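First up is the structure itself, then whatever we jot down about it.
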Amino acid sequence: MRKNGSLHLGRAFSDRRWLIPFFASLLVSFTLFMANVLGLFATHNPGDSLSFDVSLDVSEGYNIEPERKEPMDQTVASENEAPRIAYLLTGTKGDSQRMRRTLQAIYHPRNQYILHLDLEAPPRERIDLAMYVKGDPLFSEVENVRVIAKANLVTYKGPTMIACTLHAIAILLKERLRWDWFINLSASDYPLMTQDDILHVLSSLPRNLNFIEHSPIAGWKLTQRARPIIVDPGLYLSKKFNVFETKERRELPTSFKLYTGSAWVMLTRNFLEYCIWGWENLPRVLLMYYVNFISSPEGYFHTVICNSDQFKNSSISHDLHYIAWDKPPKQHPRYLSTKDFNKMVKSGMPFARKFGKGDSVLDKIDRELLGRSDGQFTPGGWCSQRSDGAEQCSSRGDESKFLPGLGAERLEQLMKKLMSQDFRNGSCSSLQYDQTKRDWIHRNAA
């Protein structure tokens with residue numbers, strides 16, 4: 001037995017074919033061990049920014065791959081620093097050109113921009129939009145414009161619009177980008193003043209203000225929105241269908257109070273962190289509730305903020321939009337035209353909607369309110385202009401330098417009105433803003 005054992009052992013050592021895989025596995029094990037010790041495979045900082053490398057793929061239509069960059073300075077701006085805005089600009093089939101125009105009109109290097117063309121838009125249109133962003137020298141330098149590659153299906157009246165908005169906010173938080181307020185705009189929205197005007201006025205406001213037009217839900221909205229139970233096919237189908245209602249009706253909630261209002265908001269970073277991360281259960285409970293709610297974009301954030309003890313006193317019931325309605329009001333606001341120009345300007349609103357594609361009033365706004373030429377960025381303190389005036393914002397300057405104009409004066413007057421006790425009496429907030437003390441006080445102490 002001993003002799004046989006020695007014989008087999010000798011054969012094993014004489015056959016050296018096992019040596020190559022043995023030493024290869026030993027080398028791999030050693031490399032993995034050293035990598036773990038030295039942190040070679042440590043996870044990327046969640047603040048790593050994404051820049052999109054767009055390549056065409058015939059089989060899939062398009063492909064957008066993230067290219068990792070060095071992390072930016074990810075600290076949140078202090079009160080002494082000029083504010084930053086994160087914009088979500090959304091559109092559907094045929095809206096890419098309008099989105100480009102609106103992006104140029106609202107662009108500023110201090111801000112962040114996320115563009116979303118929903119799934120109804122053809123892949124070619126999304127590719128063109130992404131290629132435009134990738135090919136612009138200023139966007140490439142600043143890296144503050146992002147196109148959502150994997151489009152979401154958005155159904156009118158359904159919760160998919162809220163899902164799209166939360167998706168964009170999650171990207172902003174994941175990338176740990178610097179911003180103070182979040183504003184959502186559609187392709188049919190347009191600014192009525194420059195970003196210098198807006199940022200200049202916001203510099204003098206507390207960073208905890210949430211501009212969200214709201215009121216307790218009542219009347220026909222109770223029966224037509226709160227009681228029905230709906231299903232949005234956009235949550236589970238790849239093609240767009242209208243939402244449908246079940247036969248059953250539900251009771252009104254008793255653990256929280258329902259609010260409704262405008263779908264267009266300007267919300268703070270702190271409040272949106274609360275909605276995404278939800279260190280209390282309220283945002284999650286209400287999100288599940290509003291999945292079966294008609295026109296949830298006109299109720300979700302409103303109900304969250306007014307039922308939150310932490311944030312309800314930060315709410316100002318205004319959407320910062322000029323919107324014109326028919327008399328009596330119809331389901332949608334009417335399209336704005338040059339006839340509405342003077343009213344838009346006098347309103348002091350920073351934004352207006354809705355505009356038709358290529359309406360001449362947009363050219364008038366560019367020319368008289370923004371000082372913007374066709375295909376150019378809205379000029380401001382951050383950019384220089386060629387001496388012959390042929391190209392606006394041909395180079396980037398100091399982004400903290402603002403050149404406010406008449407738009408800033410109009411917005412300041414609007415903000416004074418919104419801070420007043422008379423205006424805030426209709427809000428879920430129990431506070432008013434004292435202009436002299438630059439602080440919030442309880443109404444009964446005023």
Would you check if Ile198 is part of a helix (DSSP H, G or I), touching a Pro at 6+ places or on another chain (Cβ under 6 Å) and at pLDDT 95 or above? yes
Scan (1) touching a Leu at 6+ places or on another chain (Cβ under 6 Å); (2) in a helix (DSSP H, G or I); (3) within 29 Å of Arg367 (Cα to Cα) for the single condition Leu185 breaks and write down its number. (2)
From the options Ser317, Ser347, residue that is surrounded by 14 or more Cβ atoms within 10 Å (Cβ to Cβ), within 30 Å of Asp366 (Cβ to Cβ), of a type in the set (S, T, N, Q) and at pLDDT 90 or above: Ser347
Please specify each residue of region 404-421 satisfying the condition of being in contact with an Asp or Glu (Cβ under 9 Å, 6 or more places away or on another chain) and within 18 Å of Met344 (Cβ to Cβ). Gly405, Leu406, Gly407, Ala408, Glu409, Arg410, Leu411
Hey, Glu125 closer than 30 Å to Leu336 by Cα, charged (D, E, K, R) and touching a helix residue (DSSP H, G or I) at 6+ places or on another chain (Cβ under 6 Å) or not: yes
Within the set of pairs 6 or more residues apart or between chains, which connect a residue that is under 14 Å from Gln376 (Cβ atoms) inside region 126-140 to a residue that is surrounded by fewer than 16 Cβ atoms within 10 Å (Cβ to Cβ) and at pLDDT below 95 with Cβ atoms less than 7 Å apart? Leu138/Arg396
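Here's the yes/no breakdown for (1) under 23 Å from Glu175 (Cβ atoms); (2) modelled with pLDDT of 95 or more; (3) surrounded by fewer than 20 Cβ atoms within 10 Å (Cβ to Cβ); (4) in contact with a strand residue (DSSP E or B) (Cβ under 7 Å, 6 or more places away or on another chain):
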residue	(1), (2), (3), (4)
Ser55	yes, no, yes, yes
Met72	yes, no, yes, no
Ala86	yes, yes, no, yes
Gly91	yes, yes, no, yes
Ala105	no, yes, no, yes
In the set Asp374, Asp340, Asp363, Asp398, the lone residue that is under 26 Å from Asp136 (Cα atoms) and assigned to a helix (DSSP H, G or I) is Asp363
Within region 292-302, identify whether any single residue is assigned to a loop (DSSP other than H, G, I, E, B), surrounded by fewer than 23 Cβ atoms within 10 Å (Cβ to Cβ) and not hydroxyl-bearing (Ser, Thr, Tyr), and answer yes or no. yes
Might you check whether a residue that is touching a residue at least 40 places away in the same chain (Cβ under 8 Å), surrounded by 22 or more Cβ atoms within 10 Å (Cβ to Cβ), among the hydroxyl-bearing types (Ser, Thr, Tyr) and in a loop (DSSP other than H, G, I, E, B) occurs anywhere in region 188-195? yes
Name every residue in region 363-380 that is closer than 14 Å to Met193 by Cα and surrounded by fewer than 21 Cβ atoms within 10 Å (Cβ to Cβ), in order of residue number. Asp363, Lys364, Asp366, Arg367, Glu368, Gly371, Pro379
I need a count of the residues in region 362-405 that are modelled with pLDDT of 85 or more, among the hydroxyl-bearing types (Ser, Thr, Tyr) and out of contact with any strand residue (DSSP E or B) (no Cβ under 9 Å at 6 or more places or on another chain). 2
Search region 311-341 for residues being under 23 Å from the mean Cα position of the chain (by Cα) and of a type in the set (Val, Ile, Thr), and hand back the single one that is farthest from Gln421 (Cα to Cα). Ile323
Among Leu286, Leu267, the single one that is buried (at least 21 other Cβ atoms within 10 Å of the Cβ) and part of a strand (DSSP E or B) is Leu267
Scanning region 219-247 residue by residue, those over 22 Å from Leu258 (Cα atoms) and touching a Pro at 6+ places or on another chain (Cβ under 6 Å) turn out to be Phe241
In region 222-267, how many are under 14 Å from Ile294 (Cα atoms) and polar (S, T, N, Q)? 6
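Matching residues to (1) in contact (Cβ under 8 Å) with a residue 60 or more places away in the chain; (2) of a type in the set (A, V, I, L, M, F, W, C); (3) assigned to a loop (DSSP other than H, G, I, E, B):
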residue: Ser238; (1), (2), (3): yes, no, yes
residue: Glu248; (1), (2), (3): no, no, no
residue: Lys257; (1), (2), (3): no, no, yes
residue: Ala263; (1), (2), (3): yes, yes, yes
Go through the residues of region 121-130 one by one and say whether even a single one is within 30 Å of Asp398 (Cβ to Cβ), assigned to a helix (DSSP H, G or I) and modelled with pLDDT of 95 or more. yes
Quickly run through region 236-277 and pick out the residues that are at pLDDT below 95 and among the polar types (S, T, N, Q). Ser238, Asn242, Thr246, Thr254, Ser255, Thr260, Ser262
Counting just the residues of region 211-235 that are more than 26 Å from Leu369 (Cα to Cα) and buried (at least 23 other Cβ atoms within 10 Å of the Cβ), which one comes out modelled with the lowest pLDDT? Gly234
Flagged in region 270-283 as buried (at least 21 other Cβ atoms within 10 Å of the Cβ) and assigned to a loop (DSSP other than H, G, I, E, B), in numbering order, are none
Restricting region 108-136 to residues that are over 12 Å from Thr92 (Cβ atoms) and among the basic types (Lys, Arg), which is farthest from the chain's Cα centre (by Cα)? Arg124
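The values are calculated or read from the model by the stated rules, or taken from the named source; none is laboratory data. The shown structure was predicted, so the numbers you read here are calculated from the model rather than taken from an experiment. Cβ coordinates were reconstructed from backbone atoms using ideal geometry, including for glycine residues, and neighbour counts include every protein chain displayed.
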